[in-house]
1. If a residue must be of a type in the set (Asp, Glu), under 23 Å from the mean Cα position of the chain (by Cα) and open to solvent by less than 60 Å² (accessible area, probe 1.4 Å), how many such residues does segment 171-200 contain?
2. Does segment 66-87 contain at least one residue that is within 16 Å of ligand 2 (Cβ to nearest atom) and at pLDDT 95 or above?
3. Does Glu118 qualify as being modelled with pLDDT under 95 and more than 16 Å from ligand 1 (Cβ to nearest atom)?
4. Could we say that Ser360 is more than 16 Å from ligand 1 (Cβ to nearest atom) and either in contact with an Asp or Glu (Cβ under 7 Å, 6 or more places away or on another chain) or open to solvent by 30 Å² or more (accessible area, probe 1.4 Å) (or both) here?
5. Tell me whether segment 137-149 contains one or more residues that are within 16 Å of ligand 1 (Cβ to nearest atom), at pLDDT 95 or above, in contact with a Pro (Cβ under 7 Å, 6 or more places away or on another chain) and not in a helix (DSSP H, G or I).
6. Among the candidates Ser360, Ser386, Ser378, Ser338, which residue alone is in a helix (DSSP H, G or I) and under 30 Å from Asp105 (Cβ atoms)?
7. For segment 299-345, name all the residues that are within 16 Å of ligand 2 (Cβ to nearest atom), of a type in the set (Ser, Thr, Tyr) and open to solvent by less than 20 Å² (accessible area, probe 1.4 Å).
Amino acid sequence: MGSVQESPMPDLSHHLNAHSRARHESPLKAIIKYMAVDGMISVAGGLPHSSLFPFESVSLNSYPASAVLDAENPKVPGDLDTWTIAKHPTSEQPLNLATSLQYGDGRGEAGLLKWAREFTKLVFQPAYEDFDILVNSGNTDAWSKVVGLLCEAGDSIICEEYSYPSAQSNWIPLGCFAAPVKMDEDGMRADALEKTLADWGINHPDQRRPRLMYLVPVGSNPAGTTMRAQRRKDIYDICVKYDVIICEDDPYCFLQYGDYEVEATTTGGQPGTPEQFLSSLVPSFLKFDYQGRVIRLDTFSKTLAPGNRLGYFVANKLFTQKLLEATQVETQAPSGWSQAIVFGLLSKWGIMGYVQWLSSLRDQYRIRRDWMCDAIASKFDVKPASSLDIPGAEGLVALAKGTSTPIFSFVPPTGGMFIWTRFYLNTFPAFQKLRADESCKDPELACEDALWVDLCEAKVLLIPGYYYIPWEGPTKATTKSRGGEAGIGHFRLAFSMSSKEEMNEALSRMATVVDAFLKK
Ligand code: PMP
Ligand code: PLP
């Protein structure tokens, strides 16, 4: 682990689907590089004339990397940086609108690519030197391009037991299926993965073994789990054994927190140094990837703002070439505004400045995580699962106030933006009625839905857990048929965007609804 691999990489070309194998570079794009040859007069490309772009300059006011953030009282830092991108380059600002708003290289703005390479080397230390970078319009776009690169109709894709639904929405219409693998506190379980792959032919005689894994390894959406280094190594080794490509969708990578202690929220204290921040991060799958079988998806959505629609792939050169060929005829490139403004900010901050920003940002979301967990602890009686005899409970159990009735359990997340609750539906008479009703095909789902409706009517909006159940095909549509846990439902709570007061109010409404639901 960690040392850069010099031996030849395995040929992974058999992973490309027929569509991407048949792709070729757009001939019009291939000619663009000649336009930069010294002395060349191009009458080749149908490029609009930049003097006719009706934008002369853009002025920006941005936070300095060292901005002091305050979760309790969010306000604009006093010392904003003011800067301009003009139509033409100047000595202090080489970025310019004439280039950024023109058709350009689908790989991305050259400076941004260089920045991303340096950042990736510093932060993730890939195990091979020859990795490549290609920009995209964020991880949603990136994952859709990965599906377009590798998947064939009928394929199964390995994913976590509970998985991000927008990722699945890409493969379902293609005729692909999920192959979910059980999780624990550390995310996907390596033993369960090995078993799924080893027994694949016995359990799925008509489907080829999965060749692609989709993972959210930090602050998993929805389960909130973060995968530690040893588990990553174990999973990587299994993927080598069974020739599986790993796609690491990592939007929450920099939002990694320590453990939660009940009602011990601190206001953040002194921020650590950028170096301390970097050494606190779990390693990316890239660090173990001596074979180039990891496609890492990095996005600025959670670190700067999602409306930038900007991210980048880190992958082997064969895959980025085919992703580039798709990019050239699909999105061409992310918006020139976005690339110029984001790269302008990153250049201003410098790499260690960005790391400093990430460190402050992480502290802000950690405080919010603590607020949400504290809000649960104030509206329910919260006890460690280890002190109670509840099968399958991990982390903390929320009991109805003043009673010994378990309502849900949750593992306080050490990363991301979500708390994944595990509801004990057996507690509710309404669930027992649904279970006794023969016409009810899926009592767990029906009960979760009924509770969600009551919560929504009380004006507290959660996401019902069934949204995150991977789709294994029409024969596994109910909790029972897919071997789901009897008597268990889930809800996902996001702690990223409410104030402390709103979180307390939301949990108070939730406790009231639960009390009423217990009497239904
Ligand atoms: N279609 C045609 C026929 C074109 O000539 C061009 C621009 N050269 C495009 C599409 C690309 O359009 P856009 O920049 O909106 O993606
Ligand atoms: N992947 C996961 C797991 C997410 O949770 C999200 C955001 O909600 C995204 C991707 C979307 O990322 P982007 O804004 O980069 O498309």
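1. Going residue by residue through segment 171-200, those that are of a type in the set (Asp, Glu) are 184-186, 191, 194, 199.
From the residues that got through so far, the ones that are under 23 Å from the mean Cα position of the chain (by Cα) too are 184-186.
From the residues that got through so far, the ones that are open to solvent by less than 60 Å² (accessible area, probe 1.4 Å) too are 184, 186.
So the answer is 2.
2. no
3. No.
4. So Ser360 fails the test.
5. yes
6. On the way: Ser360 fails: under 30 Å from Asp105 (Cβ atoms); Ser386 fails: under 30 Å from Asp105 (Cβ atoms); Ser378 fails: under 30 Å from Asp105 (Cβ atoms).
It is Ser338.
7. Selection gives Thr299, Ser301, Thr303, Tyr312, Thr327, Ser338.
Results for (1) open to solvent by less than 40 Å² (accessible area, probe 1.4 Å); (2) without any contact (Cβ under 8 Å) to a residue 24 or more places away in the chain, shown as yes or no for each residue.
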| position | (1), (2) |
| --- | --- |
| Ile32 | no, no |
| Gly39 | no, yes |
| Val43 | no, yes |
| Phe55 | no, no |
| Ser59 | no, no |
| Thr82 | no, yes |
| Ala86 | yes, no |
| Pro89 | no, yes |
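The values are calculated or read from the model by the stated rules, or taken from the named source; none is laboratory data. Source: prediction; values computed, not measured. Because the Cβ atoms are built from the backbone with ideal geometry, glycine has one as well, and the counts that use them run over all protein chains shown. These accessible areas exclude ligands, DNA and RNA; they are computed on the full protein's heavy atoms, side chains included. Shrake-Rupley method; radii C 1.70, N 1.55, O 1.52, S 1.80 Å.
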